[in-house]
Amino acid sequence: MAHKPGEMLHLRGNALEKGEPVALPLTQSSMYHLPGLPDGHATYGRVDNPTWVHLEHVLSHLEDAPCLSFPSGMAAISAALFATVQAGSRLLIPSDGYYVTRLLSDRFLSRLGVVVEERPTTGFADGGFEGFDVVFVESPSNPGLDMIDLADVAKQVRAAGGITIADNTTLTPLGQRPLDLGIDVVVSSDTKAMGGHSDMLMGHVASRDAQIMERVEEWRRVSGSIPGPHEAWLLHRGLETLDVRFDRMCASAQVLAERLAAHPAVKHIRYPGLPNDPSHALAQAQTTRFGFLLSLTLESEDKAEAFINTCPLLRPATSFGGVHSSAERRARWGDSVDPAFIRLSVGCEPVEELWQAIEASLNAL
Ligand code: PLP
C-alpha cells in the first residue's frame, strides 16, 4: 500500500459531526455509564477506551492491518509471543537484537516449556526453519544494523508451517512494511520514532491474521497489559508528525553518515544508506528509507564517552527515535559490541547545525 500520511491526518476529521473537537479528546475513565445489558457498549477501562480506538484506527492505517496498542514495546512483544507459543513450541529469536526480547524468552518463556533458540541476524536463514513454530526477527537489528531478507524468511517459515513476527521498531511502517513482505505479525516499540518526543512508552501489534489478533486482544484484556489513555493520546499526537520527523531524521542520517565515514576519529561506521555497508543491498531492496540510526566505533571507550558527553546537540541517553539526537555506548548494557561502539540516533535538529556540533566534538577528542 502507498503510504498516505496526509490521509492519516484527516482520518478523524472526515468522520466528525458538526461541533465536535478536531483534536482527539482524551478519555480518562475506568467506568462507563452502563445501565441494563452491556451489549455493544464500552464496559470497563481494561477492555475499552475511545482514545485507544482512535489511536488504533491511525496505527491500522499506517500498517494497513488491524492493530492493538500496548503500554510499551516489550508489552507488545510479550503479547505477540504469549499469543502464539505454547508449551513445547520451538521459538527462534535473533542473538543480536534488542536484548530484552532475549531476556523475556530465556527467563520466562523457556520456564513454561517453550524451546528457545538463537541465531545471529547475519545468516539468519542458514540452517532453515524446519520445526520452528514461531520465528522472531528484528531488521535492521538493534544495535548492529544488520538486516534479514524478510520476504525470504517469511516464505521459508510459512512453508515449514511456522509463523513469523518482525520487530519493526527501527524503521517504522514508513520505512519498511514487513506485512507486505509476507511476515505474519509486526511488533513495534512506539516509544521510539512513532511517538518521537521521548515523553512516553507505548507499543503496538499488527497482523492481518484475524485469529492471531483475537488471541492478542484476549491477552491484553486478560493480562491487563493496557496502555494508559494519556500515553495513547500522546502517541496519537506524535503520529501526526511522524512523516515530517522521519523524513528529516533519515535525510540527516544519510548526510551525517557520509561525513562521519570520512572523519579520522571514526574507526568504523554502520549505516544501511552507505553504499559499502553490509546491509545496503538488502536495505535498497526491502526498505523505503535507510533509517535514522547509525553506529560509530571510535578509538577507545574513553573517547566514545567523551564524545557522547560533550557534544551539545547529543543527549547521552538510552532509547532512540526522538526529536533530540541521542547517543550511547551499547557495551554498557552488555551488548556484544566493541566498548567504543556508539549507537547514534539522529533527531530533528537542522543537519548543518548538528554536523557542526558533532564535528567539533570529534575534533576535540
Ligand atoms: N524493540 C526494539 C528494537 C527496541 O529497541 C526496544 C527498546 O529499546 C524495544 C523493542 C522495547 O521497547 P520499550 O522500551 O518501549 O518496551
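The values are calculated or read from the model by the stated rules, or taken from the named source; none is laboratory data. Worth saying up front: this structure is predicted, and the values here are computed from it rather than measured. With ideal geometry, Cβ positions are generated from the backbone for all residues, glycine too; neighbour counts draw on all protein chains shown. Heads up: the accessible areas ignore ligands, DNA and RNA and are worked out on the full protein's heavy atoms, side chains in. Shrake-Rupley method; radii C 1.70, N 1.55, O 1.52, S 1.80 Å.
Taken over segment 80-89, the criterion of being buried (at least 21 other Cβ atoms within 10 Å of the Cβ) and away from the ligand (no atom under 16 Å from the Cβ) is satisfied by 83, 84, 85.
Can residue 144 be described as outside any strand (DSSP E or B), open to solvent by 10 Å² or more (accessible area, probe 1.4 Å) and at pLDDT 95 or above?
Details: outside any strand (DSSP E or B): yes; open to solvent by 10 Å² or more (accessible area, probe 1.4 Å): yes; at pLDDT 95 or above: no.
Criteria not met by residue 144.
Residues in segment 60-79 that are within 11 Å of the ligand (Cβ to nearest atom) and either of a type in the set (Asp, Glu) or out of contact with any Gly (no Cβ under 9 Å at 6 or more places or on another chain) (or both): 78 only. State all residues of segment 321-344 that are assigned to a loop (DSSP other than H, G, I, E, B) and out of contact with any Leu (no Cβ under 6 Å at 6 or more places or on another chain); if no residue qualifies, say none. Listed by number, the residues that qualify are 321, 322, 323, 324, 334, 335, 336, 337, 338, 339. Restricting attention to segment 267-280, the residues that are under 23 Å from residue 361 (Cα atoms) and surrounded by fewer than 18 Cβ atoms within 10 Å (Cβ to Cβ) total 2.
Taking the criterion of being part of a helix (DSSP H, G or I) and surrounded by fewer than 17 Cβ atoms within 10 Å (Cβ to Cβ), the residues of segment 216-229 that qualify are 217, 218, 221, 222, 223. Filtering segment 194-217 for residues that are within 23 Å of residue 88 (Cα to Cα) and either within 13 Å of the ligand (Cβ to nearest atom) or outside the structural domain of residue 58 (by TED's automatic domain parsing) (or both) leaves an empty set. Scanning segment 297-314 for residues that are farther than 20 Å from residue 99 by Cβ and touching a residue at least 40 places away in the same chain (Cβ under 8 Å) yields 298, 299, 300, 303, 306, 307, 310, 311, 312, 313, 314.
Restricting segment 147-171 to residues that are among the acidic types (Asp, Glu) and either part of a loop (DSSP other than H, G, I, E, B) or closer than 18 Å to residue 78 by Cα (or both), the residue that is nearest to the ligand (Cβ to nearest atom) is 167. Of the residues making up segment 235-244, one or more are in contact (Cβ under 8 Å) with a residue 12 or more places away in the chain and closer than 22 Å to residue 42 by Cα.
In segment 183-200, the residues that are under 28 Å from residue 163 (Cα atoms) form Cβ pairs under 6 Å with partners that are open to solvent by 20 Å² or more (accessible area, probe 1.4 Å) and within 8 Å of the ligand (Cβ to nearest atom), at six or more places apart or across chains, as follows: 191/201.
Looking at segment 172-187, is at least one residue within 11 Å of the ligand (Cβ to nearest atom) and part of a loop (DSSP other than H, G, I, E, B)? Scanning segment 172-187, I find no residue that is within 11 Å of the ligand (Cβ to nearest atom) and part of a loop (DSSP other than H, G, I, E, B), so the answer is no.
Listed here are the residues, each with its yes/no results for (1) within 16 Å of the ligand (Cβ to nearest atom); (2) part of a helix (DSSP H, G or I); (3) over 30 Å from residue 12 (Cβ atoms); (4) at pLDDT 95 or above.
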| position | (1), (2), (3), (4) |
| --- | --- |
| 33 | no, no, no, yes |
| 46 | no, no, no, yes |
| 58 | no, yes, no, yes |
| 97 | yes, no, yes, no |
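Taken over segment 90-106, the criterion of being open to solvent by less than 10 Å² (accessible area, probe 1.4 Å) and farther than 20 Å from residue 151 by Cα is satisfied by 101, 105. Residue count for segment 60-84 under the criterion of being assigned to a helix (DSSP H, G or I) and not hydroxyl-bearing (Ser, Thr, Tyr): the result is 12.
Just to verify a result, which residue in segment 341-365, among those that are in contact with a His (Cβ under 9 Å, 6 or more places away or on another chain) and not aromatic (Phe, Trp, Tyr), is most open to solvent (accessible area, probe 1.4 Å)?
First, the residues of segment 341-365 that are in contact with a His (Cβ under 9 Å, 6 or more places away or on another chain): 341, 345, 347-349, 358-359, 362-363.
Okay, now just the ones that are also not aromatic (Phe, Trp, Tyr), so 345, 347-349, 358-359, 362-363.
On the way: 345: 2, 347: 0, 348: 34, 349: 33, 358: 1, 359: 67, 362: 5, 363: 98 Å².
The residue in question is 363.
When 283, 232 are screened for being surrounded by 17 or more Cβ atoms within 10 Å (Cβ to Cβ), touching a Ser or Thr at 6+ places or on another chain (Cβ under 6 Å) and part of a helix (DSSP H, G or I), only 232 passes. Residues that are open to solvent by less than 10 Å² (accessible area, probe 1.4 Å), closer than 25 Å to residue 281 by Cβ and within 11 Å of the ligand (Cβ to nearest atom) are absent from segment 107-129 altogether.
In segment 290-310, how many are hydrophobic (A, V, I, L, M, F, W, C) and farther than 16 Å from residue 340 by Cα? Working first, answer last.
Taking segment 290-310 as the starting set, the residues that turn out to be hydrophobic (A, V, I, L, M, F, W, C) are 290, 292-294, 296, 298, 304, 306-308.
With the extra rule that they be farther than 16 Å from residue 340 by Cα, the set shrinks to 290, 292-293.
Count: 3.
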